[in-house]
Structures are given as C-alpha cells and as structure tokens.
Amino acid sequence: MSIFYFVAFLSIFFALMTIFAKNPVHSVLYLVITFFTFTVHYILLNAQFLAVVNFIVYMGAIMVLFLFVLMLLNLNKETEPMRSNLVKIMGAIAGMCLLATLLGAFRVIEVNNDYVTGNTDVGLVQNLGKVLFDEFLLPFELSSLLLLTAMIGAVLLAKKETKESNG
C-alpha cells in the first residue's frame with residue numbers, strides 16, 4: 001500500500017508541475033511523467049492491458065506529438081495572447097467543480113470492496129476479450145465499420161485530382 005501512496009503522490013506532484021510550468025515544453029514533459037505514473041497505477045490495479053495501452057498510445061504517440069508540435073511552434077512571450085479575467089474566473093469555477101467532485105468521490109469510497117479484493121482476474125486481457133466479443137460484438141463491429149468509413153473518406157478527401165487534357 002505504501003507503493004500506491006508514493007506513486008499517487010508522484011502523480012499529483014507531476015500533474016501540478018504540468019499546470020504550473022512556465023515553459024510549454026517542460027509542461028508536456030511533466031505530462032509524460034504523469035502518464036507514466038498512471039501506467040504504474042494500472043499495473044498496481046492488475047489492469048495490464050490498460051497499462052500497455054496507456055504507455056503506447058498516450059505516452060508514446062500523443063504526448064510526443066504534442067512535444068514536437070510545441071517545439072515547432074516556437075512559442076514565446078510576444079506570441080502568447082493575454083488571458084482575460086473572464087477566462088481566469090471560468091477556470092477557477094471549473095477547478096472548484098472538480099474539487100467538489102473529488103471530495104464527493106472520496107466520501108463514498110470503500111477501501112475493502114469485496115469485488116476488488118476478492119476477484120484477482122479483473123483487468124486481464126483475457127476477460128476483456130471475452131466481454132468484448134461475447135456481449136459487445138455488434139457495437140465492436142459497428143465501430144470498426146465506422147472507423148473504416150472515416151479512413152476511406154479521409155483518403156478520398158486528401159487525394160489530389162489529376163486533370164487530364166484531351167487533345
């Protein structure tokens with residue numbers, strides 16, 4: 001349990017460093033470290049599939065993409081727009097709503113939940129595959145058709161038409 005608390009402290013610390021970092025590149029790097037701590041949390045919760053997906057997709061692809069985009073933008077103080085007071089007030093209200101949600105969640109949390117402590121197979125890829133291909137086969141197949149249609153549409157939109165001249 002002490003490993004959980006240490007990793008939770010690191011998660012919160014690096015999340016706060018992500019928010020309060022002045023340099024956007026440092027902020028993205030802190031976010032990568034925060035996602036790594038989430039991967040450790042998934043491993044501690046016996047959710048290996050989510051840990052691997054979080055590591056590959058979020059840390060490996062999205063955050064590195066953000067890092068390269070920020071490095072290519074070459075942001076500095078002159079190009080950064082000034083934030084109005086309305087944006088700051090809306091951010092404070094959103095932060096208070098998040099705090100109220102977290103406090104409500106902590107109030108109803110149970111440490112000794114029988115479902116979590118008694119079932120050690122929760123989060124395994126085998127169980128995810130059984131549920132995905134037994135109970136949710138139709139939505140899984142429909143989402144694959146939707147993604148295939150979107151991919152074909154993107155290729156057709158990106159394709160340059162060549163004009164052939166007769167004559």
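Can you classify the stretch 1-77 as rounded, prolate or oblate using the Cα gyration tensor, where a ≥ b ≥ c are the square roots of its eigenvalues, rounded means a/c under 1.5, and otherwise it's prolate if a/b beats b/c and oblate if not? Because a/c hits 1.5 or more and a/b fails to exceed b/c, the stretch 1-77 counts as oblate. Ligands, DNA and RNA left out, the accessible area of the stretch 120-161 computed with a 1.4 Å probe is 73% carbon and sulfur. Excluding ligands, DNA and RNA, the accessible surface per residue across the stretch 1-77 is 70 Å² with a 1.4 Å probe.
Round to a whole number: what % of the accessible area of the stretch 1-77 belongs to carbon and sulfur, probe 1.4 Å? Intermediate results must be reported in sequence, preceding the final value.
On the way: 4360 of 5420 Å².
That share works out to 81 percent.
Surface exposure of the stretch 120-161, expressed per residue as accessible area with a 1.4 Å probe, stands at 90 Å².
The values are calculated or read from the model by the stated rules, or taken from the named source; none is laboratory data. In this text the structure is predicted, and so the values were computed from the model without any measurement. Keep in mind that these areas ignore ligands, DNA and RNA; they rest on the heavy atoms of the full protein, side chains included. Shrake-Rupley method; radii C 1.70, N 1.55, O 1.52, S 1.80 Å.
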